[in-house]
């Protein structure tokens, strides 16, 4: 069966399955999910915990040896497998499949791994875990859902944030759920009454936004011009290499072209958000791709010192135009 971070608590209150898989690249959500499974297991008598960190194929031998040497009078235990990659290999897949299919009532299997790409979701070991247990995939919280996510979490902490305060917190911690959670914890200490105004938030919360090039590409593909420009400014302030930023913009440009031509399925950076590609598909037919390529080439020459001008300004114009917010007519771009 499949679970979500929101449905996990109700599920664990009702029953505990023999195996759980927690996947995702959000450390806060995956960590909380794994903690919830462990707590439910302890409440049901699984008093021991054995953890295996799998970094190479030889590490699976230790897992096999552990399962082969169970004591007849041993305590019930949680067998935790932590994968550094979502692809455990042939030996690892066979071991996980055997563990998931085991009928040992005194062992609960908990597997934690990074985000599973679409092609990895059909692996036999994953299907074996789903057949007898549950898979919880912790996906990133989309920017438009972040204020609601923060509001729900704040309410659980008995915090009442003004709408403007919620919007500010979302902007300052965008893309970093762990930082957002930590800021809310800080607010529980700074605002014991639970009421938090935007002024109190400004003085208490550090700017924890995680500006990265993949978020920039996603914002551009999604047509979110304000977010794209804010990310671009953040990357510039952090001293990010202009060539890396331009790479993300050109990648988004190619993705938009592929969507228009019907040849793109979405690169690995965007697979987790089909809505981004859907919005890109709506804009793609009216994007001036020749002019956009010209703009990208100009930014590249500026970044390499072969053309006078500010490459960051040029990339900001490119981001606007990719979001279908042109600041110059296409003919003027081609002549530039």
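Where a number appears in this text, it was derived from the coordinates with a stated rule and is not lab data. All figures in this text were calculated on a predicted structure; none of them were measured in a lab. Heads up, the Cβs are rebuilt from the backbone with ideal geometry, glycines too, and the neighbour counts pull from every protein chain shown.
Size descriptors for the chain, from the alpha-carbon set: Rg then Dmax equal 24.0, 81 Å. Restricting the calculation to Cα atoms, every distinct pair contributes to the Kirkwood radius of segment 69-152, found to be 14.9 Å. The smallest convex shape that holds all Cα atoms of segment 1-61, its convex hull, gives 115 Å³ per residue.
Rounded to the nearest angstrom and listed largest first, the equivalent-ellipsoid semi-axes of segment 143-204 from its Cα gyration tensor are 16, 12, 11.
Pairing the Cα long axis of helix 163-172 with the longest principal axis of the chain, what angle in degrees results, from 0 to 90 and rounded to the nearest 10? Roughly 90 degrees between the two axes. On the beta carbon distance between residue 308 and residue 182, with R0 = 41 Å, the FRET formula returns roughly 0.40. Ranked by the mean number of other Cβ atoms within 10 Å of their residues, highest first, the peptides 227-240, 36-49 come out as 227-240, 36-49. Coordinate range of the alpha-carbon atoms in segment 134-241 per principal axis, descending: 43, 41, 21 Å.
For the chain, the longest principal axis of the Cα atoms and the long axis of helix 146-156 meet at an angle of about 40 degrees.
Kindly provide log₁₀ I(q)/I(0) values, in the same order as q = 0.15, 0.20, 0.29 Å⁻¹, from the Debye equation applied to equal alpha-carbon scatterers of segment 34-97. Log10 I(q)/I(0), no solvent term: -0.53, -0.87, -1.22.
The tail of the calculated P(r) for segment 2-138, taken as Cα-Cα distances beyond 24 Å, holds 23 percent of the pairs. Computed from label points 7 Å out along Cα-Cβ, the spacing between residue 275 and residue 155 is 1.9 nm. Going by alpha carbons, how many degrees (0 to 90, nearest 10) lie between the helix axis of 242-261 and the longest principal axis of the chain? The angle comes out at about 90 degrees.
Here the contact order of segment 143-204, divided by its residue count and restricted to Cα pairs under 8 Å and six or more residues apart, works out to 42 percent.
When the helices of the chain are scored as -39500 (n - 2.57) per DSSP H run of n ≥ 4 and the total is divided over every residue, the value at 222 nm lands at -16500 deg cm²/dmol.
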